[in-house]
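Engineer: Pasting a structure below so you can have a look.
The values are calculated or read from the model by the stated rules, or taken from the named source; none is laboratory data. Bear in mind that the values here come from a model prediction, so they are computed numbers and not experimental data. Here the Cβ positions follow ideal geometry from the backbone for every residue, glycine too, while neighbour counts run over all protein chains shown. Note: accessible area is taken over every heavy atom of the protein model, side chains too, but ligands, DNA and RNA are not part of it. Shrake-Rupley method; radii C 1.70, N 1.55, O 1.52, S 1.80 Å.
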Amino acid sequence: MDALPGGLARAAADAALLVHAAFVAWVVLGGVAVVRRPALAWVHLPAAAWGAAISFGGWTCPLTPLENALRRAAGEAGYAGGFVEHHLLGLLYPDGLPRGVQVVLGLGVLAVNALAYAVVLRRRRHRAE
């Protein structure tokens, strides 16, 4: 990554950030899209499982170190912690992300998506009757 020109490295880091943000939004809200188009479940369920695993496991998504490496290649500083802690929780929890809050957020994601999938399953049952 050090071979990338600064402007290209910065653009790539910004692209990684946007992809990461889109993925997080898909994990959290993809169940709503599945209500409209149930076939999207084949794309959403693995993404939601990955997002839940990252959250409950306390792991770092691979996109975070990629973005940090690209930022360093652009001459910028990377950041400590994960994407959610750095970019999203600063808005919600300015003092950082305690482990308990991380688990609660993961449960919230599961709850939103469980509700959406319950709607999908209910519609399928009604159509089958």
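Engineer: Just the residues that are of a type in the set (Gly, Ala, Ser) and open to solvent by 80 Å² or more (accessible area, probe 1.4 Å), please, taken from segment 1-38. Outline the logic, then answer.
Structural biologist: Within segment 1-38, the first condition is being of a type in the set (Gly, Ala, Ser), and the residues that meet it are 3, 6-7, 9, 11-13, 15-16, 21-22, 25, 30-31, 33.
Residue satisfying the conditions is 3 alone.
Engineer: So the check is Cβ under 6 Å with 6+ separation or different chains; which pairs have a first residue in segment 60-74 that's touching a residue at least 40 places away in the same chain (Cβ under 8 Å) and a second one that's among the charged types (D, E, K, R) and open to solvent by 20 Å² or more (accessible area, probe 1.4 Å)?
Structural biologist: Listed pairs, sorted by first residue: 73/2; 74/10.
Engineer: Among what's in segment 24-50 and is out of contact with any Gly (no Cβ under 8 Å at 6 or more places or on another chain) and touching a residue at least 24 places away in the same chain (Cβ under 8 Å), pick the residue that is farthest from residue 99 (Cα to Cα).
Structural biologist: Step one: filter segment 24-50 for residues out of contact with any Gly (no Cβ under 8 Å at 6 or more places or on another chain), giving 25-26, 29-39, 41-42, 45-46, 49-50.
Remaining after also requiring touching a residue at least 24 places away in the same chain (Cβ under 8 Å): 29-32, 34-35, 38, 41.
Working: 29: 22, 30: 24, 31: 25, 32: 27, 34: 30, 35: 31, 38: 33, 41: 29 Å.
Among those that are out of contact with any Gly (no Cβ under 8 Å at 6 or more places or on another chain) and touching a residue at least 24 places away in the same chain (Cβ under 8 Å), it is 38.
Engineer: While we're on this one: If I filter segment 39-60 down to residues being in contact with a helix residue (DSSP H, G or I) (Cβ under 6 Å, 6 or more places away or on another chain) and closer than 16 Å to residue 22 by Cα, which single residue comes out as most open to solvent (accessible area, probe 1.4 Å)? If you could, list the steps in order and put the result at the bottom.
Structural biologist: Taking segment 39-60 and keeping what is in contact with a helix residue (DSSP H, G or I) (Cβ under 6 Å, 6 or more places away or on another chain), we get 40-41, 44, 47-48, 51-52, 55-56.
Narrowing further to those that are closer than 16 Å to residue 22 by Cα: 40, 44, 47-48, 51-52.
Numbers: 40: 59, 44: 1, 47: 10, 48: 17, 51: 20, 52: 16 Å².
Looking at residues that are in contact with a helix residue (DSSP H, G or I) (Cβ under 6 Å, 6 or more places away or on another chain) and closer than 16 Å to residue 22 by Cα, I get 40.
Engineer: Let me ask you something else. Report the residue count in segment 61-84 for those that are at pLDDT below 80 and closer than 17 Å to residue 19 by Cβ.
Structural biologist: First, pick out the residues of segment 61-84 that are at pLDDT below 80: 76-84.
Those left that are additionally closer than 17 Å to residue 19 by Cβ: 78-79, 82-84.
Selection size over segment 61-84: 5.
Engineer: Can you report the number of residues in segment 10-25 which are at pLDDT 85 or above and under 12 Å from residue 66 (Cα atoms)?
Structural biologist: Of the residues in that region, 5 qualify.
Engineer: I need every pair where a residue in segment 107-129 that is closer than 10 Å to residue 35 by Cβ has its Cβ under 9 Å from the Cβ of a residue that is open to solvent by 50 Å² or more (accessible area, probe 1.4 Å) and assigned to a helix (DSSP H, G or I), sequence separation at least 6 or different chains.
Structural biologist: Matching pairs, first to second residue: 116/29; 116/32; 117/45.
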